[in-house]
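The values are calculated or read from the model by the stated rules, or taken from the named source; none is laboratory data. Keep in mind that this is a model prediction, so the values were computed, not measured. Don't worry about glycine lacking a Cβ; one is built from the backbone with ideal geometry, like all the others, and counts go over all protein chains shown. The protein model used for the area step is the full one, side chains on, heavy atoms only, and it has no ligands, DNA or RNA in it. Shrake-Rupley method; radii C 1.70, N 1.55, O 1.52, S 1.80 Å.
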Amino acid sequence: MPAAALLALLALGAGPGGAAREVRLVMGAAAEVRAAGAADPAAALDAAFAALQRVDDRTALWRPSELTTLNHAGRARVSPALAAMLWHALDVSHASGGAFDPTLEPLVRAAGHLGGRPRRLGRCERARLLATVGTAHVHLDPATREVRLDPGTRLDLRGIAKGYAVDLALEALRGAGASAGLVDLGGSSLGVFGGPTTVAVRDPDDPARPPWATFEMEGAALASSGGDPRPGYILDPRTGLPARRVLAATVVARSAMEADALSPAVYVLGADEGLALLSRRGAAGFVLLREGDRAVLRASPRFAEAHALRCAPGVTVEP
């Protein structure tokens, strides 16, 4: 999900090949890759960006891709990569009670969030489109990778594809010999290894203002939903209405794909249900919200201690 809630600050140690950094436009975002320790840093960066591009080529909705082919035909034998993303998306959808749903494409497109002009859907139109939304409309055979979609159902994997791409890019950096690395897709999906990282939590109302908080992570991945300049961008798949319970949600998990799928689910569910979901999934994180005049950061149990969370003056931390 598009977001601008996080800023990673990583000092990569020098290795045999020194440190390297590059930013390219991939998956509709400014993708930053950093690597240290590789004998050929440029080749390591190229391998990581190639991994990001492969995922984009499979999941893009703005141009022909494997996913648009499936959506148009309604059935196909998909690649192992697309099957892995879809299987994980279905799993998180079931775990979250539908707060995350990969079949939201018809609603997102009708609301103008796929290149159109954003608009609020009327009740009748929303009800008609909601009839095509839900994991019950997706039939995936994991053994054969055959996928069949019920009539009218279309997939949107943007809520998980960036995380999957980050995981593959990190794997590519390791394969190229990097001893430390970072992959950041526009501040919404981030993965690191080989060194501690300080993450600044930007003000969800105005990223130009001082951060609300900072925290530490190492050898993990995170994703953030919210903090987007386009209000109402994240829809609740259960109602088709914009989700508005929190200002932003951030998740730290073992894989970027897991974090990427969980963060919009937490954003939709809100603080209590969302943080409970993270506990059930073995992940951690927090939400940002305003309660009256108070800026509040609600975190999962022991997050503050485990990640050296430090909040700016005026921001209240609630466990």
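List of remarks:
- When Rg and Dmax are taken over the Cα atoms of region 125-175, they come to 15.5, 49 Å.
- By average C-beta atoms within 10 angstrom, highest first, the peptides 245-254, 105-114: 245-254, 105-114
- Rounded D (µm²/s) - region 263-319, Kirkwood Rh over Cα pairs, Stokes-Einstein at 20 °C, 1.002 mPa s: 184 µm²/s
- In this label model, Ala42 and Thr316 are separated by 5.5 nm, measuring between points 7 Å along each Cα→Cβ vector.
- Estimated translational D of region 19-146 in µm²/s (Stokes, Kirkwood radius over Cα pairs; 25 °C; 0.890 mPa s): 144 µm²/s
- Value in Å of the Kirkwood radius, where region 74-147 supplies the Cα pairs that are averaged: 13.6 Å
- Amide N of region 54-74 lying under 14 Å from the label point, which is placed 7 angstrom from the Cα of Leu114 along Cα→Cβ: 59-74
- For the residues Trp212, Trp62, a 1.4 Å probe over the protein chains yields an accessible-area ranking, largest first, of Trp62, Trp212.
- For the peptides 73-85, 89-101, 116-128, 262-274, residues were scored by their other Cβ atoms within 10 Å and the scores averaged per peptide; the highest-first order is 262-274, 89-101, 73-85, 116-128.
- Gyration tensor verdict on region 147-230 (Cα atoms; rounded if a/c is under 1.5, prolate if a/b is larger than b/c, oblate otherwise): oblate
- Three-way shape call for region 67-107 based on the alpha-carbon gyration tensor, with the a/c threshold at 1.5: oblate
- Label point of Glu305 set 7 angstrom out along Cα-Cβ; within region 268-286, amide nitrogens under 19 Å from it belong to 276, 279-280, 282-286.
- Length gained on full extension, His72 to Arg128: 18.2 nm, using 0.36 nm per residue less the C-alpha separation.
- The slack in the chain from Glu218 to Arg244, taken as 0.36 nm per residue of separation less the alpha-carbon distance, amounts to 6.3 nm.
- Cα-based shape type of region 205-287, given that a ≥ b ≥ c are square roots of the gyration tensor eigenvalues and the cut on a/c is 1.5: oblate
- A protection proxy built from the mean count of other Cβ atoms within 10 Å ranks the segments 173-184, 19-30, most packed first, as 173-184, 19-30.
- Debye-sum result for the chain in log10 I(q)/I(0), which assumes one identical scatterer on each alpha carbon, at q = 0.08, 0.12, 0.15 Å⁻¹: -0.34, -0.79, -1.20
- Zero-based 10 Å bins, Cα pair distances in region 169-319, whole percents: 11, 42, 35, 11, 1, 0
- Extension gain for Thr198-Asp293 works out to 31.4 nm (0.36 nm per residue, less the C-alpha to C-alpha distance).
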